[in-house]
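Have a look at the structure below before the remarks.
The values are calculated or read from the model by the stated rules, or taken from the named source; none is laboratory data. All figures in this text were calculated on a predicted structure; none of them were measured in a lab. The area values use the complete protein model at the heavy-atom level, side chains included, leaving out ligands, DNA and RNA. Shrake-Rupley method; radii C 1.70, N 1.55, O 1.52, S 1.80 Å.
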Amino acid sequence: FTLGAYLETTTLDLLKEALFAGNLPKLRKIPHLEQAITLNEMLKINIRLSHQIQAIDYSKYEQLQFILQEIGRMLGGWKKSLL
């Protein structure tokens, strides 16, 4: 239960940081993007942990990891475009 609540909170925080970055001037976006990237990495680790403790099955784990990798690529590309 605690891990699920943590994943939910972290996901919402990631979304919040991405929304902040989208609504700020160029120079103020980078800290929020960096925070979103960090949150994405934390989600990947905790999804892996969820799979290891058998809280989620392999197919769900694989789907979530694919989605989080894609989000990571998009955030990284966004950050790179600002530098």
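The listed residues Glu70, Glu8, Glu17, once ranked by accessible area (1.4 Å probe) with the largest placed first, stand as Glu8, Glu70, Glu17. Total lysine pairs in the chain at Cα distances under 18 Å, for residues eight or more apart or on different chains: 9.
Per-residue Karplus couplings for the stretch 25-42, computed as 6.51 cos²θ - 1.76 cosθ + 1.60 with θ equal to phi - 60°, are listed in order as x, 3, 5, 8, 6, 4, x, 6, 5, 5, 5, 5, 5, 4, 4, 4, 5, 5 Hz, Gly and Pro entered as x.
Evaluating 6.51 cos²θ - 1.76 cosθ + 1.60 at θ = phi - 60° for every residue in the stretch 3-12, the Karplus couplings come out as 5, x, 5, 5, 4, 5, 5, 5, 4, 5 Hz, glycine and proline recorded as x. Sorted largest first by accessible area at a 1.4 angstrom probe radius, with every protein chain in place, the residues Ser59, Ser50 fall in the order Ser59, Ser50.
Each residue of the stretch 63-77 is assigned a 3J(HN,Hα), and the resulting list reads 4, 5, 5, 4, 5, 5, 5, 5, 4, x, 5, 5, 5, x, x Hz, derived from the Karplus form 6.51 cos²θ - 1.76 cosθ + 1.60 (θ = phi - 60°), x at Gly and Pro.
Taking all protein chains as they are arranged and a probe of 1.4 Å, the heavy atoms of Arg28 leave approximately 140 Å² accessible to solvent.
With protein chains left intact and a 1.4 Å probe, residues in the chain average 69 Å² of accessible area per residue.
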